[in-house]
Amino acid sequence: MGNIHMQVVAPTVETIQAVGAALGRCAQPGDLVMLNGPLGAGKTTMTQGIARSLGVHGRVQSPTFTIAQIHCGHAPEGTGLDLVHVDAYRLVSMEELDALDLDTTLDAALTVVEWGEGKTEVLSADRLEITIERPEGSASGEEPEDLLADAPRVLTFVPRGERARQLAHAVFDEPAVRELMECCA
């Protein structure tokens, strides 16, 4: 059976966060989510929505220089599941990935990896890959900052494994995501 692809259009930053929040509500300990897309696509924005639904206190920002951050989820504000947020952009070797010791938290938390494609697949064969596509500028080399913050993004979910399939279907069954699909279809 081939991998299924599920897509939704997120027209604003708020809707990217709403999809992230739906994902966070459906997540279970041990889930691995890889966020792929160009600079400025909305990977960290989606992670902020995920964090909000877990009840994470404090600011969630791209861990570009720290590589990985652990955010504690709090109930009843959210599900209470902890979030491990990783930015694999600067990782260049398997040794660097191994040094993060992600396997110690992988079973107990939701792990979200930005820029993980081609690097972090070894963490789990069962993972949800989400590619965020943003509009490109009309001229080659335009900076992402030149794009409107609320330019629509296409979010493509590719589940790899049974748990990832369950997670993707649960996210698309969430009322906020169903509504988004109906209004933007």
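Figures for the structure shown
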{"read-out": "Scope segment 22-40; condition open to solvent by 30 Å² or more (accessible area, probe 1.4 Å) and not in a loop (DSSP other than H, G, I, E, B); matching residues", "value": "R25"}
{"read-out": "Residue check for V19: touching a Leu at 6+ places or on another chain (Cβ under 9 Å) and assigned to a strand (DSSP E or B)", "value": "no"}
{"read-out": "Any chance I4 is in contact (Cβ under 8 Å) with a residue 60 or more places away in the chain and either within 17 Å of E133 (Cα to Cα) or of a type in the set (V, I, T) (or both)", "value": "yes"}
{"read-out": "Any chance V19 is closer than 22 Å to R178 by Cα, at pLDDT 95 or above and either surrounded by fewer than 21 Cβ atoms within 10 Å (Cβ to Cβ) or touching a Ser or Thr at 6+ places or on another chain (Cβ under 8 Å) (or both)", "value": "no"}
{"read-out": "Condition check for L54: modelled with pLDDT of 85 or more, within 23 Å of R163 (Cβ to Cβ) and open to solvent by less than 10 Å² (accessible area, probe 1.4 Å)", "value": "yes"}
{"read-out": "Single residue of segment 63-93 satisfying the filter (more than 15 Å from R52 (Cα to Cα) and among the hydrophobic types (A, V, I, L, M, F, W, C)) that is modelled with the lowest pLDDT", "value": "F65"}
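The values are calculated or read from the model by the stated rules, or taken from the named source; none is laboratory data. Fair warning: this is a prediction, and the values are worked out from it, not measured in the lab. Cβ sites come from the backbone with ideal geometry, for glycine too, and all protein chains shown count toward neighbours. Keep in mind that these areas ignore ligands, DNA and RNA; they rest on the heavy atoms of the full protein, side chains included. Shrake-Rupley method; radii C 1.70, N 1.55, O 1.52, S 1.80 Å.
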